[in-house]
Amino acid sequence: MQHIDLAGAVIIDRLFAGSVLDALSRDLAPYLRSKPAGSQTGNESQQSFHGPRTTRFGGLAGKSAAFVDVLLNPLVLGAAEQLLLPACGAIQCAGTQVMAIGPGEPAQYLHRDQGAWQTLVEADFAPELAMSAMVAITDFTAANGATRVSPGTHKMARTDFAAFDEGLVKQAEMEAGSVLLYTSKVVHSGGANQTNATRVGMHIFFALGWLRSEEAHQIALSKDDAIRLPERARSLLGFGAYDGDQYGGGRLWTVDYDDPAALYRV
C-alpha cells in the first residue's frame with residue numbers, strides 16, 4: 001500500500017504458482033483460439049481503444065475455475081479493500097477481461113480507468129474509484145507489450161493531463177504469474193507488441209460498490225454457474241444488493257426491493 005500511495009502502481013513478483021497459472025492457461029486457451037481480435041462493436045473509438053490485433057473477452061468466472069483463486073487472493077483483494085473501502089461500504093468486481101496483445105499491435109493511447117465514469121473523473125475531488133489487477137499469463141516484456149504506467153500521475157490534477165509528458169512512462173516488465181496492481185487515477189496503457197508472440201494478461205477491475213459495473217456478470221454467467229461459485233465470489237461479482245445507507249446512498253441492485261443473493265444460495 002505504501003508503493004501504491006507513492007507511485008499509483010506496484011508489481012507483486014510471481015504471486016501465483018505454476019499450478020494456478022497452468023490451470024488459467026488451460027481454461028482460457030479455447031477462448032483465445034476462437035475469439036476474433038479487435039472490437040466487434042462497430043464503434044470507431046472502441047475499435048481504436050481495443051486495438052485491431054488484441055483479443056479481449058470477459059465473463060471469466062464462468063470460463064475458468066482457476067479465476068476464482070485469483071479473484072479471492074487475500075493480497076490482491078486486501079489491497080483493493082484498503083484502497084477503496086474509505087469511500088464505500090463494500091467493493092465489487094466491476095469487470096474481468098483477458099487482454100491478449102498480438103504481434104504488430106501498436107501501443108494503446110494513455111488513459112485513466114477512472115474515465116469509465118466520466119462525470120466523476122471530471123471532478124478533481126473524486127476519490128479513487130477503482131483498482132486494477134493485471135495478471136501476467138505470459139511474461140510481460142518491453143518488446144511484447146508490457147503495460148505502460150506513469151508512476152505518480154494518480155496525484156496529478158485533472159487539468160494537468162493535457163500537458164502530460166510521455167517520457168515519464170515506465171513499462172511493467174514481469175514474469176508470468178506476477179501481478180501489476182494500479183489505481184484508477186494513474187495514467188497507463190497497453191504497450192506495443194514488437195515480437196512474433198502474443199502477450200496474454202488477465203485483468204480484474206475492483207471498484208466502489210455504489211458504481212455501475214463495467215461488465216454485466218449476471219448476463220455473462222448462467223444461474224448454475226453463479227450457484228457453483230463461493231458466496232464471497234458471487235458478492236464481488238454483483239449477485240446481491242448494495243446497501244449504502246450508512247454512506248448517504250441507497251440500496252441498489254434489488255429484485256422486488258429485496259436482495260437477489262438469496263436466489264443463488266443452494
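The values are calculated or read from the model by the stated rules, or taken from the named source; none is laboratory data. As the structure is a prediction and not an experimental result, all values here were calculated from the model. So basically every Cβ, Gly included, is an ideal-geometry build from the backbone, and we count neighbours across all protein chains shown.
Considering only region 71-89, state which residues are aliphatic (A, V, I, L, M) and modelled with pLDDT of 95 or more.
Residues satisfying the conditions are L71, L72, L75, V76, L77, A79, A80, L83, L84, L85.
Please go through region 1-22 and pick out each residue that is buried (at least 17 other Cβ atoms within 10 Å of the Cβ) and either in a helix (DSSP H, G or I) or touching a Gly at 6+ places or on another chain (Cβ under 9 Å) (or both). If you could, list the steps in order and put the result at the bottom.
Step one: of region 1-22, the residues buried (at least 17 other Cβ atoms within 10 Å of the Cβ) are 4, 7-12, 15-16, 20-21.
Correct list: I4, A7, G8, L15, F16, V20, L21.
Determine whether region 231-244 contains at least one residue that is in a helix (DSSP H, G or I), polar (S, T, N, Q) and surrounded by fewer than 17 Cβ atoms within 10 Å (Cβ to Cβ).
no
Given the criterion at pLDDT below 90, of a type outside the set (D, E, K, R) and over 25 Å from Q92 (Cβ atoms), identify the matching residue among A142, A163.
A163
Given the conditions (1) under 22 Å from I12 (Cα atoms); (2) of a type in the set (S, T, N, Q); (3) at pLDDT 95 or above, which single one is not true for Q194?
Evaluating Q194 over (1) under 22 Å from I12 (Cα atoms); (2) of a type in the set (S, T, N, Q); (3) at pLDDT 95 or above leaves (1) as the failure.
Could you give me the residue pairs with C-beta distances under 8 Å whose first residue belongs to region 33-44 and is under 11 Å from R56 (Cβ atoms), whose second residue is loosely packed, with under 15 Cβ neighbours inside 10 Å and at pLDDT 90 or above wherever it lies, and which are 6+ apart or on separate chains?
A37/P52; G38/P52
With V98, V70, V76 as the choices, which residue is aliphatic (A, V, I, L, M) and under 23 Å from A143 (Cβ atoms)?
V98
Tell me the residue from L263, L180 that is modelled with pLDDT under 95 and not in a loop (DSSP other than H, G, I, E, B), please.
L263
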